[in-house]
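Rule-based calculations on the coordinates, nothing more; no lab input. Nothing here was measured: the structure is a model prediction, and the numbers come from that model. Virtual Cβ from ideal backbone geometry, glycine too; neighbours counted across all protein chains shown.
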Amino acid sequence: MKYSDICTIDSQGRIVIPAKLRKLLKLENGNPLEVELSNQEIRIRKCREPHQDTIKLQSILSILYSSIKHGAFICTDQYVIAATGIYLPEGTSLPENLEPYIASGNEVVLDISQPLYMLSHHREPVAALYPIHNDKALPLTLAVLSKTPLTEMEMGCARLVAKTLEKEFC
């Protein structure tokens, strides 16, 4: 489906999404939207529906954050399910450059000299990815963010959380 309309920005930088689009996309008050800047193009996407186990995932993530003080998120191969220590709404799409690492299903420690950012405006790049193998059709990954290499203790904590999530969600 293709639709085009012209909107204006008000004095506080807001735009109104036309009613026809809101109806087609089933957008309601309070729905999260992802806003992405690419060159001179602004893209607005509806975030996907939240994962049913989000509250449990969020509580386990908060334990990890209290231990290592690095932002972290859990995602499928396409979108974010839960996050802590960073603002990433549920349903936020993953950048294409992370997809091959996640699709590999292997633990990956990324090179911080060539940072991969979850979103262009985030200050901390993705430092490591930990697969969460489960019996469900939806494979999950735990991602940890950091500007500096993770310590052995931080990586151990992240591995432990990923294994806990495997046990919890099998």
With θ set to phi - 60°, apply the Karplus curve 6.51 cos²θ - 1.76 cosθ + 1.60 along region 99-105 and write out the HN-Hα couplings as whole Hz, x wherever there is a Gly or Pro. 4, x, 5, 5, 5, 5, x
Could you tell me how many degrees, from 0 to 90 and to the nearest 10, lie between the Cα long axis of helix 152-168 and the main elongation axis, the longest principal axis, of the Cα atoms of the chain? 70
Using the Karplus equation 6.51 cos²θ - 1.76 cosθ + 1.60 (θ = phi - 60°), what ³J(HN,Hα) coupling, rounded to whole Hz, does each residue of region 115-131 give in order, writing x for Gly and Pro? x, 10, 9, 5, 9, 4, 8, 6, 8, 10, x, 6, 9, 7, 10, 10, x
Along region 56-71, what does the Karplus equation 6.51 cos²θ - 1.76 cosθ + 1.60 (θ = phi - 60°) give for ³J(HN,Hα), rounded to whole Hz, x for Gly and Pro? 5, 4, 4, 5, 5, 4, 5, 5, 4, 4, 5, 8, 10, 6, 10, x
What the 10 Å binned alpha carbon P(r) of region 30-140 shows, as percent of pairs per bin from 0, is 13, 46, 35, 6, 0
So how far apart, in nm, are the two label points at ILE42 and SER62 if each is 7 Å from Cα heading toward Cβ? 3.3
Projected onto the charge dipole of the chain (+1 at Lys/Arg Cβ, -1 at Asp/Glu Cβ, origin at the Cα centre), which of ILE55, TYR3, THR84 gives the Cα projection farthest towards the positive end? TYR3
With each pseudo-label sitting 7 Å past Cα toward Cβ, what's the ARG123-GLU152 distance in nm, one decimal? 3.0
Using label points projected 7 Å from each Cα along Cα→Cβ, tell me how many nm separate ILE112 and LEU27, to one decimal. 3.8
Compare GLY85, GLY71, GLY30 in a GNM of the chain, Cα atoms joined below 10 Å, and give the one with the largest fluctuation. GLY30
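With a cap of 11 neighbouring Cβ atoms within 10 Å, and only residues DSSP puts in a loop, list the GluC sites (Glu not before Pro) found in region 1-42.
Within region 1-42, the qualifying GluC sites (Glu not before Pro) (loop, at most 11 other Cβ atoms within 10 Å) are GLU28.
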Once amide hydrogens are built 1.01 Å from N within the peptide plane, the residues lying 5 or more places from ILE86 or on another chain with amide H under 5 Å from its amide H are ALA72
Residues with amide H under 5 Å of HIS122's amide H, sequence separation 5 or more or different chain, H placed in the peptide plane at 1.01 Å from N; which? none
Rank by packing, highest mean first: peptides 159-168, 86-95, with packing defined as the count of other Cβ atoms within 10 Å averaged across residues. 86-95, 159-168
Which of LYS26/LYS56; LYS26/LYS147; LYS69/LYS167; LYS69/LYS163 exceed 31 Å between C-alpha atoms? The answer is LYS26/LYS147
Considering amide H positions built from the backbone, and no H for Pro or chain starts, which residues 5 or more places from ILE112, or on another chain, come under 5 Å of its amide H? none
